[in-house]
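Below is one structure; the comments refer to it alone.
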Amino acid sequence: MDVKTAILNRRSIRKFQNKPIDGAQLTQLVDLARFHATGGNVQPLSYAIVSKDPMKKQIFDLLAWAAYLPDYTCTEEFQPAAYIVLLRNEITTRACMYDLGAASTTIMLAAQEMGIASCALAAFDPKKLKPVLGLEEHLHPDLVIALGYAAHESSAAPFEGNVKYYQDEDGNFHVPKKALEDVLVYTDAD
Ligand SMILES: Cc1cc2nc3c(=O)[nH]c(=O)nc-3n(C[C@H](O)[C@H](O)[C@H](O)COP(=O)(O)O)c2cc1C
C-alpha cells in the first residue's frame, strides 16, 4: 500500500473483530513511530503496548467512543485487539502536542498498511489510566490508539456544513471531509 492510499483509506474504526494482532506487528508500529518528525528532535514520547487482559479490558472500560453519536456503544464483544498508549514525558514537554499528532498519525498509517484498523482516543481520564499501566511518575498517558481488525466500514463523505460523522442503517460510518476549496485559502502553485 502506498502512503497516499493509506491516507485516503484510513478512517477511525470503533468496532473490531475478535481476532488478535500479531505481537511483532504491534512492536513494529512503535519502532516506526520513533522516526516521526519531532520539534527540536526532543522525542518527548514513550509508548506502552497492551494486548492482554486484564489490562486490556481495564483500558477498554475507561474509553469513550463516538461523542457525536450519544447512543453509540462499543460493547466488549467488539473491543479493540490491542492499544498503543502514547505517553508524555513531563521532563520534556516542549511542543509535545504536535509530537502526539505526528506519532499517532505515523502509527495509524503504518497500521493501515498492515490491514489493521485504528482509532485515536483522547476521551478518557488520564488519572485513572495511569495506575492501570503502572507507569513511572514522569510518564503521562495522553492519547490511546485502539487497534484491531475492522468490524464495520467507514468512508469519507462530502462536507455540507456539518462536521459530525454519522452511521447508516448497516452501522457503517460516514465522515464529512471538507473539500479542497474549503481549506486551501491561498496558493501560488501552477
Ligand atoms: C486527538 C484525537 C482524539 C480523538 N479522540 C477520540 C475519542 O476519544 N473517541 C472517539 O471515538 N474518537 C476519537 N477520535 C477520532 C475522531 O473522532 C476522528 O478522527 C474524526 O471524527 C475524523 O474521522 P476519521 O478519523 O475517520 O477521518 C480522536 C481523534 C483524534 C485525532
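The values are calculated or read from the model by the stated rules, or taken from the named source; none is laboratory data. Note that the structure is predicted; figures quoted are calculated from it, not measured. Neighbour counts run over all protein chains shown; Cβ positions are idealised from the backbone, glycine included.
With the checklist (1) of a type in the set (D, E, K, R); (2) over 18 Å from PRO80 (Cβ atoms); (3) assigned by TED's automatic domain parsing to the domain that holds ALA82 in hand, flag the one item LYS128 doesn't pass.
If we test LYS128 against (1) of a type in the set (D, E, K, R); (2) over 18 Å from PRO80 (Cβ atoms); (3) assigned by TED's automatic domain parsing to the domain that holds ALA82, just (2) comes out false.
How many of the residues making up the range 168-190 are in contact with a strand residue (DSSP E or B) (Cβ under 6 Å, 6 or more places away or on another chain) and in contact (Cβ under 8 Å) with a residue 24 or more places away in the chain?
2
Is it the case that the range 122-132 has a residue that's in contact with a helix residue (DSSP H, G or I) (Cβ under 6 Å, 6 or more places away or on another chain), farther than 17 Å from SER46 by Cβ and in contact (Cβ under 8 Å) with a residue 24 or more places away in the chain?
Of the range 122-132, the ones in contact with a helix residue (DSSP H, G or I) (Cβ under 6 Å, 6 or more places away or on another chain) are 132.
With farther than 17 Å from SER46 by Cβ added as a condition, the list becomes none.
Taking every residue of the range 122-132 in turn, none turns out to be in contact with a helix residue (DSSP H, G or I) (Cβ under 6 Å, 6 or more places away or on another chain), farther than 17 Å from SER46 by Cβ and in contact (Cβ under 8 Å) with a residue 24 or more places away in the chain.
Kindly establish whether ILE49 is of a type in the set (A, V, I, L, M), more than 11 Å from the ligand (Cβ to nearest atom), free of Cβ contacts under 8 Å to residues at least 40 places away in the same chain and surrounded by 15 or more Cβ atoms within 10 Å (Cβ to Cβ).
yes
Tell me, which residue of the range 9-33 that is part of a helix (DSSP H, G or I) and surrounded by 14 or more Cβ atoms within 10 Å (Cβ to Cβ) is nearest to the ligand (Cβ to nearest atom)?
Ranking the qualifying residues of the range 9-33, first place goes to ASN9.
Mind listing just one residue for me: the one in the range 132-148 that is surrounded by 16 or more Cβ atoms within 10 Å (Cβ to Cβ) and more than 16 Å from the ligand (Cβ to nearest atom) and, of those, modelled with the lowest pLDDT?
LEU135
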